[in-house]
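A short write-up of the structure that comes next.
Read the figures in this text as sums done on the coordinates, not as results from a lab. The shown structure was predicted, so the numbers you read here are calculated from the model rather than taken from an experiment. Virtual Cβ from ideal backbone geometry, glycine too; neighbours counted across all protein chains shown.
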C-alpha cells in the first residue's frame, strides 16, 4: 500500500499521514476519487466486493494463451489477466527519536481482472504501450481495527500502461489518474514484465538460469537490487508445457532505504523440445526452448523494509497468483460476453468528466508519471509528477516531499488562504512583506519577485529566498495564487542549499498543474492555520 487510510485512529499512526508500499507496491490511499469506503469491523480479506472476482480457479487450464507468441505479426493480440494478491504482516512506523516504533497488524486482499492488448509502436525505439480494460480493480485493507476499500474509478477502467525500463506506468489518454488509483494498480509481477522470466536460450530440466537484476527490481516493484539474485529452473515438461520454479533472496532499496525480500514460486509456459544442449555425448540433457506468453505465475513474497522519509517500514508476507488466458478462449467461456461495453462506458464517463458521483476528473493530455490530486475540501486541485510524494493531507492543507532516485530533495507545503475581496489580487510587494514577516530570523536574502497573470485568470506571484533553518543553509520558493473571485492558495517549497541543482525548476511544473475551482463563501473560515515550512525530517540533516 502506498498510503495508510484515514480510517486508522490518530493515536495509532505517526504524526504525518505516511505513505506506505505494502507488498512491493500494491496501494491503498487517502480518501479521494479512488473510491474509498470505510467499515467499522470485519476482515479486509473477507470483503465481499473483493471476493466476488477472487474465484478464478487455479485448476483452469492456463495454456489457452501460451502457444501464442508474445508479439504477433497478425495485429494486436490480447489476453485476459486476473490477479489475486493477499498480504499479512505488520506496519512499523517511527514514533520519534527516543520512542519505540508503532507496530500495527495489517492484512489486505486485492483482486484485478482486465483485458490487455499490445499497441503497435509508433517508432522503432518507442516505449512499449498496452491498453487495459478493467473489469475489476479492488483492494481491501485492514490496519488494526480500521478497514478501508479502494476501487478504480468507473471513468478510469480503460487506460494505457507504458513500460519505461522495467517499470509499468499506468495513465489515461485524455485525463489523469489520482495518486491512489495509480498506486492501486502497482503490483508485483506485473503482466508487462513476467515474460522476461524466460531464458533466451534452450535449457534442460534442472538447469539454472538467473533473472537479470533490472528485471528482478521491476518484478518486485522496488527501485534497485544491491545484492542477491532470483534463480529459475525447469521442474517438469509434459505435453509441451513446462513448469518452472524460481527462488531468490534480494537486498535492495526503495525510496533510498534498504529492503530485504525473499521470493519463491513457479510459472507455467509452453516448451518446444529440441536437440541436446551440446552434441558432445549421448547422455547430454535435452534442451527445451521456453516460448510464448507465461500463462500463470504463483509466488510467495516476504519483505522487510525500513522506514523512509515518506513511508513507514513493514514486515509482510504476500501470496500472489497471476493467470493469463487468450481473449478468444475467454470469450468462448463467457458465452460471448466481452469487457468492451464496460470500456466504452468508462471512456464516455471520462469524456463527460463524472463517474460514481465523484467530482469531475481533471481532464488534459495524460502521460506516464503524472497524477492528479484534489483537495478533500475542494479548495484546489493539482496535476503533479509522481516523484512528489504526499505525507500530510487534511484540513491544514497538503504537504509533499520530492524523492528522486532515493534522495529526499525538497518539500512542498500548500494551503488555502482566507477568502479575499474579488478586486484584491496579491502584488510582489505583498508577498515579499508576508514572507519576511513569517520567516523572520531565518531569511537572509530575497531574490526579485516574479508576477504573472495566467490565461486561466489566476494571478501568480513567485518569490525565492535563502537563509538558515536548523543551522543548515536552506532555499525557499514562495508562491501565492489568486483567482478573480478572491480564492487564494499559498505554496512554499524548501530544500537544502546543497540540493539546489538537483531540485532545479521542480516548482514550476507543479505550479502550472495547480488549479483553483470556484471558491465557497465559507472557504477556510475559522479553520486551522496551514502547514508551516518546517525543515524536512524535523530540522536534522537528511541522509544522502
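On full extension of the chain, what length is gained from residue 444 through residue 95, given 0.36 nm per residue of separation minus the C-alpha to C-alpha distance?
Result: 122.3 nm gained on full extension.
At 0.36 nm per residue, minus the direct Cα-Cα distance, what do residue 210 and residue 501 gain on full extension? Give it in nm, one decimal, please. Please list the in-between numbers first.
Values: separation 291, 0.36 × 291 = 104.76 nm, distance 3.84 nm.
Extra length from residue 210 to residue 501 when fully extended: 100.9 nm.
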Evaluated at 20 °C with a viscosity of 1.002 mPa s, what Stokes-Einstein diffusion coefficient in µm²/s does segment 375-515 have when Rh comes from the Kirkwood expression over alpha-carbon pairs?
-> 137 µm²/s
Say each of residue 126 and residue 272 gets a label point 7 Å from the Cα, pointing the same way as Cα to Cβ; how far apart are those two points in nm?
-> 2.8 nm
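Computed FRET efficiency, Cβ-Cβ of residue 396 and residue 421, R0 22 Å: what is it to the nearest 0.05?
The formula returns an efficiency of 0.35 here.
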Nearest-0.05 FRET efficiency for residue 319 and residue 227, computed from C-beta distance (R0 35 Å) = 0.90
Residue 453 versus residue 164: modelled label distance in nm, points set 7 Å from Cα along the beta carbon direction | 3.6 nm
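If you average the sequence gap of Cα pairs under 8 Å that are 6 or more apart and divide by the length of segment 68-225, what percent do you get for the contact order?
On the way: 254 pairs, mean separation 23.6, N = 158.
It rounds to 15 percent for segment 68-225.
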